[in-house]
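Trainee: I'd like to ask you about the structure that follows.
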Amino acid sequence: MNWRDRADRLRTLPLPRVLVALEATADPHDPAKWRTARGVLSVTGPKFINWNLDVGGGGAIDLVMHVRQVGFGQALEWLEARFGVTAPTQPAAVSAPRILTLPPAVAHHWPRVERYLIDERRLPCSLLLPLRESGILYADAHANAVFLLGDTAATAVGAELRGTTARSWRGLAPGSRKDRGFFSVSVAAAQAIVLCESAIDALSCHALHPQYRCLSTSGARPDPAWLRTLIAQDLPIYCGFDADPTGEAMAQRMIQLHPSVHRLSPPAKDWNDCLRRRSS
């Protein structure tokens with residue numbers, strides 16, 4: 001077996017097995033979440049994402065590189081030592097940059113996605129309809145809700161994915177670049193901009209505060225590259241991250257980096273919780 005075959009074999013190891021070897025701890029309330037030395041990871045099949053650090057990847061090698069903060073070769077050796085694969089005979093090549101791969105829209109899954117967003121998330125139909133008509137929101141082949149991330153020229157640079165079936169999860173389309181764009185719920189003559197942690201929270205915040213333009217940072221990130229462009233628009237900007245320890249810490253860090261940003265904490269854990277409480 002050559003080194004490429006060995007790397008491919010290691011890359012396909014089940015991530016839960018690798019996480020156990022990394023001394024990570026499974027969340028007792030959510031089997032998709034694991035507590036690691038780098039923070040909480042969300043794991044879906046071969047994919048993982050660290051929303052707080054704005055890092056994700058696919059496969060066991062990427063996972064070890066992320067958690068142990070080592071290079072490709074060191075990650076390969078660490079996996080080989082624990083899972084019985086002989087060391088490669090030559091250095092492994094660095095993976096090429098990932099190309100954005102947006103999931104195609106599948107219209108017959110839209111009713112399922114729409115029911116989830118309206119019945120479970122309590123989002124108003126009137127808010128969803130224009131987003132769907134513009135192609136910013138759609139359903140994919142797995143009945144995931146797809147929320148496109150766009151740059152300032154309205155070019156898609158990624159997508160948030162939200163599961164709507166019995167298995168609850170969230171992730172990003174492969175190759176998404178959150179540093180280049182965001183999901184946005186715009187409004188004419190907006191009075192302010194609110195930064196939220198997810199597309200569903202941005203929609204929820206806008207449903208509660210229609211006068212605000214609400215954006216998703218796709219995770220609690222204190223310094224997205226596009227934030228300075230928004231600040232230059234001279235509109236009040238509020239950090240509406242979740243009212244939990246991570247959200248509060250990242251909000252304070254954002255305010256330290258950008259003193260013109262102010263805190264707007266949701267009255268519940270997040271904006272969707274607030275919306276669902278109002279609707280109950």
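Coordinate-derived values only; no laboratory data. Predicted, not measured: the structure shown is a model, and the values here were computed from it. Glycine gets a Cβ as well: all are built from the backbone with ideal geometry, and neighbour counts include every protein chain shown.
Trainee: Shape of the range 155-230 from its Cα gyration tensor (a ≥ b ≥ c, root eigenvalues): rounded if a/c is under 1.5, otherwise prolate when a/b > b/c, or oblate?
Mentor: Judged from the Cα gyration tensor, the range 155-230 comes out oblate (a/c at least 1.5, b/c at or above a/b).
Trainee: Please give the calculated 222 nm ellipticity per residue for the chain, where each DSSP H segment of at least 4 residues contributes -39500 (n - 2.57) and the sum is spread over every residue; nearest 500 deg cm²/dmol?
Mentor: -9000 deg cm²/dmol
Trainee: Could you give the angle, 0 to 90 degrees to the nearest 10, between helix 199-208's Cα long axis and the longest principal axis of the Cα atoms of the chain?
Mentor: 10 degrees
Trainee: Rounding to the nearest 20 debye, state how big the charge dipole of the range 107-279 is about its Cα centre with +1 on each Lys and Arg Cβ and -1 on each Asp and Glu Cβ.
Mentor: 180 debye
Trainee: Take every DSSP beta bridge with both residues inside the range 170-280 and express the antiparallel ones as a percent of the total, to the nearest 5.
Mentor: 20 percent
Trainee: Give the order of Lys178, Lys269 when sorted by the count of other beta carbons within 10 angstrom, beginning with the fewest.
Mentor: Lys269, Lys178
Trainee: In what sequence do His29, His258 fall when counting other Cβ within 10 Å, fewest first?
Mentor: Starting with the residue having the fewest Cβ neighbours, the order is His29, His258.
Trainee: In square nanometres and to one decimal, what's the mean projected area of the convex hull around the Cα atoms of the range 3-83?
Mentor: 4.8 nm²
Trainee: Enumerate the aspartates and glutamates that Lys47 could reach by cross-link, defined here as Cα to Cα under 19 Å, with residues fewer than 8 away along the same chain left out.
Mentor: Once the sequence-local aspartates and glutamates are set aside, what remains near Lys47 is Asp8, Glu23, Asp27, Asp30, Asp62, Asp140, Glu160.
Trainee: Provide Glu120, Glu133, Glu248, Glu160 in ascending order of the number of other Cβ atoms located within 10 Å of each residue's Cβ, fewest first.
Mentor: Glu133, Glu120, Glu248, Glu160
Trainee: What does the convex hull of the Cα atoms of the range 107-279 come to per residue, in Å³, rounded to a whole number?
Mentor: 113 Å³
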